[in-house]
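Undergrad: Quick one: the structure is below, questions incoming.
The values are calculated or read from the model by the stated rules, or taken from the named source; none is laboratory data. Keep in mind the model is a prediction, meaning the values are calculated, not measured. Here the Cβ positions follow ideal geometry from the backbone for every residue, glycine too, while neighbour counts run over all protein chains shown.
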Amino acid sequence: MTPLGIYVHVPFCASRCGYCDFNTYTAQELGPGVDRAGFHEHLIAEIDLAAGALGPREVSTVFIGGGTPTLLGADPLVGILDAIRRHFPLAPDAEITTEANPDSVDREMLDTLRAGGVTRISFGMQSAAPHVLAVLERTHTPGMAREVAGWARESGFEHINIDLIYGTPGETDDDLRASLDEVLAADVDHVSAYALIVEDGTALGRRVARGEVPAPDDDVCADRYVIIDDTLPAAGMPWYEISNWARPGAECRHNLGYWRNADWWGIGPGAHSHRSGERWWNVKHPTRYAASVAQGVSPRDDGETLTREQRATEELMLGVRTREGVLLADARHDAEALVRDGLLDPHAFAEGRAVLTRRGRLLTNQVVRALTRD
Amino acid sequence: MIRNFCIIAHIDHGKSTLADRMLQATGVVDERSMRAQYLDRMDIERERGITIKSQAVRLPYRADDGVSYVLNLIDTPGHVDFTYEVSRSLAACEGAVLLVDAAQGIEAQTLANLYLALENDLTIIPVLNKIDLPAAQPEKYAAELAHIIGCSPADILKVSAKTGEGVHALLEEIVHLIPPPVGNADAPARALIFDSVYDTYRGVVTYVRVVDGRIASRERITMMSTGAVHELLEVGVISPEPKPADGLGVGEVGYLITGVKDVRQSRVGDTVTAAQRGATDALGGYQDPKPMVFSGLYPIDGSDYPELRDALDRLKLNDAALVYEPETSLALGFGFRCGFLGLLHMEIVRERLEREHNLDLISTAPNVIYRVMRDDGQELVVTNPSEFPNQKVAKIFEPIVKATIILPSEFVGTVMELCQQRRGTLLGMDYLSEERVELRYTLPLAEIVFDFFDQLKSRTRGYASLDYELTGEQDADLVKVDILLHGDPVDAFSAIVHREKAMAYGTMMTAKLKELIPRQQFEVPIQAAIGSRVITRETIRAMRKDVLAKCYGGDITRKRKLLEKQKEGKKRMKMVGKVEVPQEAFIAALSTTEVKK
């Protein structure tokens, strides 16, 4: 049996960041009918339902994301883990991650989470530059990330990640370098760095549309990517996915499950699931979600059964993002052209695999389109 | 007691309304069945039988002198491209009513048709219409008309086709001033074809004016230009419904039906005679229609190609001047190279294809017909930039036109400037009145097929009118400008232009394409070149980033669907060498230079 991952979505935030279009709600946005306090009970109720559908199967990773999971408090989070343990055999070396905002944790909470079985923690630092954090409407202050990473290390977490966002309007190359210095000073073993995407329907999207702030520039983002991809490997963290760098052995196994097209079960409002070529997702709004699980009914909203061709497309599109790449089956001819254009690694190609070069990582969509040609 | 006449008028100067009044005044349409623009609307409203427009209508008229006359009102196409058709309609008449809006004055096309009528020795009856309008200035425009024709302002009739005022007086003038037709009733039959219309139910309906002899039903007839013999299935007159008759005699106007299915077998200007003991000499003036303006027509959706072919085949049945042949463009796919009489003809065809056949089309920049003398003495006719020789040529000849522009005098400066830019030579200039000027220019046809008319209208706030006729050719320093994408020429953008304008064309196209073509993995130079010499260059910088930063569990379905959509979109991409160009880019680049409606 392939390893199973469980994702738990906590749809709450203290405040809405200007760039964020995730399925998350502040206290004001949430509306009546559902409460943040006690929401973990609904999540646990869905875990109970899922266990019935899934049967006993070893769980190798758990990822609690959001939103801001730590807003629920440490004990409810541990309660969720306990519920998972009740129903599923957890692998002895299971990776259990939770996301956290630097300004939503303290030492005590970290100790409780670690004691409750969380092995990995991911902090959303985004940037060390105050004016960048202001554009992103983040509430924490520079320096906090380094501090909380230190606490987490003292609490005994096995792995610590810091998230960065680059290409924010107003950010300079030096701002990014300063952020990277901060990350290295925090001495974490994993970094995720994402080019800012301005989504429609976000506050930042409206500001860009009105011309108040410029849209992120692709060429600038490419330059920044190069800075990141020069800095982190030099500090012992090579890339293992387009936007992820880690010390060897510190790669996020849960996320690798997504890119390797493994099975996972999503718990929580709007959470997506995948099991052997079938994808489905839950209703998005916490109120509807809570009402559904309270009645013992699956909160599934909709789904799709993938065709063979769609599965192949997904396997390529996901797998090629990773450093191990994908096996080249019948796309050798197209791959050859990509090697020539400097998008695919020639050594890997010689071994029958498609592995992106740095240039290829920046132009991944082109590679995927070329390799999925009819 | 026959009087054959036509009405020469600018669009909207009231020709149809005047025809309505004549139908009523002569009693061929009673009050109850009368409706506005009776003749024009007939073809739309009738679902069966012959679809007639107002090609020719027979009006029995009892004049004040007590004599019964037969008036034949013959329609003339009013368009600048159809000078030849107009001249054949005029040749079927002895007189013409020159109808001018009393609030507008004469327009260039009317003036051109007037000159044609005078060349055909027609009796002209000048008439000012719309005298009921508050804005009418009959005295002023009577003076203008009198100046043009060389008559006294007092000779100009003043009518209101709308109220009927003056229409009776006009009919009396037609009877008294226009001479009766003269012909030899005993000679072999000769009839002039002045129009030929395809009808779904009856096949081609041919309109003729009998000059000599008699065309009798159940006879066999010969088309003298081709010698083709046809059985006459029906002969008749239109009054205003088609009415079969035994035959048509000298001076009479009517229709013939032979069962042929294509107007090319019954051509305007041709002479019809009896198959047995027919005439030996045709009536003069027959010409094959000759296309002068060429353009590629392509369906925007490539799968519409068969529909486009069928639609052209059907249009051709009713349009003897339309020519086309299949053409393949790297950029635009499968389409047709089409030849038209002129700009207007091109617009009409395109509009009918789009409207009546529901097609979305893109047309390449129109070009004219060139005669190229090569160094080795060989001569070459070029209707498409792709046929333009790459090696050095001795001489290139381009068609030229005589253009007549009538405009308010305040705009003379700006219009002269425009004509100057378009390589025009001023032939003359006349003040028709204090405020109105007639300008005559020689212009290369190529210079007016682009956007000349739009420019003229915008520079004169819509007041200028234009007419042109081909007058010959001149040798000119012309070059072919190619547009190269990453070193590969894009056929749809090649153009034959004057050497002095090559740079302007190149700069315009390269700048436009730079905006329209998305960035590629590599840097893409866009060049304009004459032969192997690059005259201008733009660069599309290489795309450096095309990647989705985040792709986790919840992103996968959305991302795959986006990918599937992009793959679908990729089918609309054309490859020019290594460069992927969305078809929309080609369309956008061409549509701003195309002739506007």
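Undergrad: Which condition does A:Val220 not pass, out of (1) facing chain B (nearest Cβ under 10 Å); (2) in a loop (DSSP other than H, G, I, E, B), if it passes all the others?
TA: Among (1) facing chain B (nearest Cβ under 10 Å); (2) in a loop (DSSP other than H, G, I, E, B), A:Val220 violates only (2).
Undergrad: Something else about it: On the basis of being closer than 26 Å to A:Val132 by Cβ and in a helix (DSSP H, G or I), does A:Val213 make the cut?
TA: When the stated conditions are applied, A:Val213 does not pass them.
Undergrad: What is the residue count in the range A:317-339 for residues that are more than 11 Å from chain B (Cβ to nearest Cβ) and over 23 Å from the mean Cα position of the chain (by Cα)?
TA: Here the count works out to 11.
Undergrad: Within the range A:355-374, can you find the residues that are more than 7 Å from every other protein chain (Cβ to nearest Cβ), under 22 Å from the mean Cα position of the chain (by Cα) and within 21 Å of A:Ala329 (Cβ to Cβ)?
TA: A:Val355, A:Leu356, A:Gly360
Undergrad: Inside the range A:25-84, can you point out the residues that are at pLDDT 95 or above, outside any helix (DSSP H, G or I) and over 20 Å from A:Ala152 (Cα atoms)?
TA: A:Val59, A:Ser60
Residues are listed down the side, and each one gets a yes or a no for (1) surrounded by fewer than 20 Cβ atoms within 10 Å (Cβ to Cβ); (2) more than 20 Å from A:Asp21 (Cα to Cα):
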site: A:Asp200; (1), (2): yes, no
site: A:Leu204; (1), (2): no, no
site: A:Gly236; (1), (2): yes, yes
site: A:His254; (1), (2): no, yes
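Undergrad: Can you tell me how many residues in the range B:409-439 are of a type outside the set (Ser, Thr, Tyr) and surrounded by fewer than 16 Cβ atoms within 10 Å (Cβ to Cβ)?
TA: Residues that pass the stated criteria total 12.
Undergrad: Another one. Which ones in the range A:238-250 are within 13 Å of another protein chain (Cβ to nearest Cβ) and of a type outside the set (A, V, I, L, M)?
TA: Passing the criteria: A:Trp239, A:Glu241, A:Ser243, A:Asn244.
Undergrad: Please find, within the range B:370-399, the residue that is farthest from the chain's Cα centre (by Cα) out of those that are farther than 15 Å from B:Val497 by Cβ, part of a loop (DSSP other than H, G, I, E, B) and touching a residue at least 40 places away in the same chain (Cβ under 8 Å).
TA: B:Asn390
Undergrad: Sort out which residues of the range A:99-155 are buried (at least 23 other Cβ atoms within 10 Å of the Cβ) and at positive phi, and write them in order of number.
TA: Within the range A:99-155, A:Gln126 is the sole residue that qualifies.
Undergrad: For a quick check of your reading: which helices (runs of 4 or more DSSP H) sit entirely within the range B:442-555 and have at least 1 residues that are within 23 Å of the chain's Cα centre (by Cα) and away from chain A (no Cβ under 14 Å)?
TA: B:445-449, B:452-459
Undergrad: From the list A:Ala290, A:Ala235, which residue is closer than 25 Å to A:Ala186 by Cβ and away from chain B (no Cβ under 11 Å)?
TA: That would be A:Ala235, the only listed residue that is closer than 25 Å to A:Ala186 by Cβ and away from chain B (no Cβ under 11 Å).
Undergrad: Then there's this: What do you reckon, is A:Glu314 of a type in the set (Asp, Glu), surrounded by 15 or more Cβ atoms within 10 Å (Cβ to Cβ), within 14 Å of chain B (Cβ to nearest Cβ) and closer than 27 Å to B:Gly554 by Cβ?
TA: Yes, satisfied.
Undergrad: Another question, if that's okay. Could you say whether any residue in the range A:267-286 is facing chain B (nearest Cβ under 8 Å), of a type in the set (Phe, Trp, Tyr) and not in a loop (DSSP other than H, G, I, E, B)?
TA: yes
Undergrad: Let me ask another. Tell me which residues, restricted to the range B:326-348, are touching an Asp or Glu at 6+ places or on another chain (Cβ under 7 Å) and without any contact (Cβ under 8 Å) to a residue 40 or more places away in the chain.
TA: B:Gly335
Undergrad: Then there's this: Within the range B:407-439, track down each residue that is part of a strand (DSSP E or B), more than 15 Å from B:Ile148 (Cβ to Cβ) and among the aliphatic types (A, V, I, L, M).
TA: B:Leu407, B:Leu426, B:Leu427, listed by residue number.
Undergrad: Moving to a separate point now. Among the listed residues B:Tyr298, B:Tyr286, B:Tyr198, B:Tyr255, identify the single one that is under 22 Å from B:Val182 (Cα atoms), crowded, with 17+ Cβ neighbours inside 10 Å and in contact with a helix residue (DSSP H, G or I) (Cβ under 9 Å, 6 or more places away or on another chain).
TA: Of the residues listed, the single one that is under 22 Å from B:Val182 (Cα atoms), crowded, with 17+ Cβ neighbours inside 10 Å and in contact with a helix residue (DSSP H, G or I) (Cβ under 9 Å, 6 or more places away or on another chain) is B:Tyr286.
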